[in-house]
1. Taking a ≥ b ≥ c as the square roots of the eigenvalues of the Cα gyration tensor of the protein assembly as shown, is the shape rounded (a/c under 1.5), prolate (a/b larger than b/c) or oblate?
2. Out of B:Tyr80, A:Ser500, A:Thr280, whose Cα points farthest toward the positive end of the dipole of the protein assembly as shown (charges: +1 Lys, Arg; -1 Asp, Glu; placed on Cβ)?
3. Quick one: which residues, 5 or more positions from A:Ile281 or on another chain, have an amide H under 5 Å from its amide H? H modelled 1.01 Å from N in the peptide plane, none for Pro or chain starts.
4. Taking the Cα centre of the protein assembly as shown as origin, sum charge times position over the Cβ atoms of Lys and Arg (+1) and Asp and Glu (-1), and report the length of that vector in debye to the nearest 20.
5. What is the order of A:Ile193, A:Ile157, fewest Cβ neighbours within 10 Å to most?
6. State to the nearest 20 debye the size of the charge dipole of the range A:429-512 about its Cα centre, where the only charges are +1 on K and R beta carbons and -1 on D and E beta carbons.
7. Rounded to the nearest 500 deg cm²/dmol, what is the calculated helix-only ellipticity per residue at 222 nm for chain A, with -39500 (n - 2.57) per DSSP H run of length n ≥ 4?
8. Take B:Lys55 and B:Ala117, extend 7 Å from each Cα along the Cα→Cβ direction, and tell me the distance between the two endpoints in nm.
Amino acid sequence: MFSGFRSSSSSFLKGLTALASFVVVLLSITLLNRHSAFPGTSESPAFVYAAQEQPRVLSPISIDYPEDGSVFPPGITPPTFLWRDAAGTSWSIDVTFADKSAPVHALSKGERMRLGEIDPECVSDSNSPPKLNTQQAATWTWTPDAATWAAIQSHSIEQPATVTITGYRDGQVAYSRSHVAMATSRDEVGAPIFYRDVPLMPSAGIGGAVQPLAPSSVHLIHWRIRDIRKPESHTVLKDMPTCANCHSFSADGKTFGMDIDGPANDKGLYAVVPVQKHMTIESKDMVHWNTDGLVGKVRVGFMSQVSPDGRYVLSTFAGPAVDRMIDSYYVTNFMDYRFLQVFFPTRGILEYYNRATGLRQPLPGADDPKYVQTDGVWSPDGKYIVFARAEARDPRPQGQPHATHANDPNETQIKYELYRIPFNEGKGGKPERIIGASANGMSNNFPKISPDGKWIVFVQCKNGQLMRPDSQLYIIPSAGGTPRRLRANTRLMNSWHSFSPNGHWLVFSSKARSPYTQMYLTHLDANGNDTPAILIDNATAANRAVNIPEFVNISPDGIDEIQVHVADGGK
Amino acid sequence: MAGNRTKTGIWVAPSDAITRAGLRPKIIHLAFLLLVLFWMPHISAQNCVPPESMKPRLQGHADAAALKDLGVWFAEQKNYACAANAFATSLQTDPNQKDVAHIAFMFGVSLYFSGDAKEGIAALQEAEKLGYKDIKLHLILAEALDAAHDTAAAETQWRAALEIDPEYSDALDNLSSDLIAEGNFKGTIEVLEIPRLVSLRTAQQSLNLGLAYAKLNKLDDAIRVLRDGLNTTPDSLPLANELADVLTQMNRKEEAATVLEVARARQAAEPAATTH
């Protein structure tokens, strides 16, 4: 009886095993077929390896990019995944989706991180070629092809996908594993980014005085425009005979303004032109910051901003109390190409230029010579201005030693606070300090107001403003409140930020990966919460720097070229 | 290019651009001049033959600039004793010359490279007091002080170097090692646990930081740092060993065994791999 039972039981078990095997094979075929729906992915799904895994505690892999919680804009070109792993010698990358669609699986034998192309014209004795840092030299990479990335994006909208990287050695035995969550936003970036693309080539001029760029190299500065859905940027302006600086577009994308020094190095010029596919800046487009007694002799504008409706340009000027430009700015240049300049105003007032009348006038309430008032930006409705303010001081007090590097304690110390003032059709008003962006022992500067007017994102650093190694981005309600450090901040220098016209994205510059500055994106939700930084790949050569990125409210092909014909310096 | 390389790899070219900022020739320390004068007879015994091209400038009463140039020339020939002699004579000839701090620095460096570490340190310290500002001064001085077992003074110099370049890895390696050696684990963490530095950490820094956390019984932090360090420098046996130790302390013996197994496998595959 017992033996009969054993016999029938054994047969039953054999049958069950066979059935189970059949089900496994059937499931495998089904899953393989589903899997192959993703072009460009491997034919070997994860569970093939999983079946060969030995039970062991897997060592964590360091996944450096994308960071956990990253949100990508729809349509962005495929990113390069980065990780470090002491255990693996080959890897699988598995992307699983909350919408239950078939996972993506890919294999990587491990490609090392590589630097981009070098611009030979920007190689100099005063800089170093870009190189991989300690971590980057140990980094493995995988870049999905366009079809795979499109599949990942389409199944990770709103609900995050999980990216699992598994390291193998010794014949596909898993030794290491980690995962991160990433998602694709429904929010389009919706506008191209205009930016300046510069060499980092400080130069010791006559008498050893350091210049950020030798005059003979000024032509190497390019202005480019980038549609993040395209793999490359488009150069719209280069070979300028003269130095040009900060640019600004009106909120409606119809007006463009840019500081231009002029061939005669006449720094009192400003170009204001309508935005067109083929733009030409001619002498008639140049604004000469006029020099009547009301506004002072020094006519160098700083951080000029075109008003949302394009009628005005707001800028910082030294004001009537200052006779020489050098009495209103602290500037020191260094031969260290990584941070080659410190530059910030120590005296100055806000003035606005009326394009209709051709006059520039101080803005009452932001024209107090006891203070330096700078970085003025318009609210989206043009009704108020947010600006940075600090007590005015000598830029270089007598006996003060020269600073020899960025953030040298010998720099003139200044800590700005953010203020807000009504524009009131040029009549100004009483400035109000913005709580949360003032009186915090730090320098609060470079404010930008979100297109819906709800938020201000500004920079905080220990001293001064612009190109500060320790600069960090903070967000605050536009009426003031508790500031919140952006999650997107990287390890080194975060500044030059700009809101996308729809307010969902912020672009900014950082030296996180290289001394040669790159630009990044972060997504902002309705509550001002942001996400880890997303690199905009291939914005320039590996030995050039991206700065002053600005979203422009135009179609991606809205500007094809800008020609500058100001042979007479605009005079 | 003539010059010399210190243990920390810093290249010292005698003709480096002079930092004039903050120089105050009038306040040259008497002690420094005495040091120079004291040192002169010792080095003047050397056979220091100037090049033919410079002899016209050195005949009769050579001026301070010519003597400085002679020092630079000797340094370029790696004849540091003669270089020191020339720089000392230059300083003695004109203690108020405008580049005095830089010449004092070159004098100190020449002494140090000629093998006279004690006098070299003293001269470099004087160059610092004279206002010479260059990361190389701090790096050489720190290295010399460490070699002389004056750890506290070396730490000050490493910190001064890091003020100029917060990412300078040799300074971070050495400062954190000094701090670990003296049991200052909290100080080690303060120096190394800075977001800016995470992606630049060397194996030595990861090890020091992991050790500091482990010594303070912050074992989770120690594992985090050591794991990340090992992922960056997989061939580092000290990192693998320390990580295995900490995992064992936490009774995670299987993980510790895997770490050691992988480390051994890597060493077997790459026997010539360095430990750092």
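1. oblate
2. Ranked along the dipole, the leading option is A:Ser500.
3. A:Gln563, A:Val564, A:His565
4. Dipole about the Cα centre, nearest 20: 880 debye.
5. Arranged by neighbour count, lowest to highest, A:Ile193, A:Ile157 become A:Ile157, A:Ile193.
6. With only Lys, Arg, Asp and Glu charged at Cβ, the dipole is about 180 debye.
7. -3000 deg cm²/dmol
8. Output for this residue pair reads 3.9 nm.
Only the coordinates and a few stated rules stand behind these numbers; no lab work does. A quick note: this is a predicted structure, and the numbers were derived from the prediction, not measured. Because the Cβ atoms are built from the backbone with ideal geometry, glycine has one as well, and the counts that use them run over all protein chains shown.
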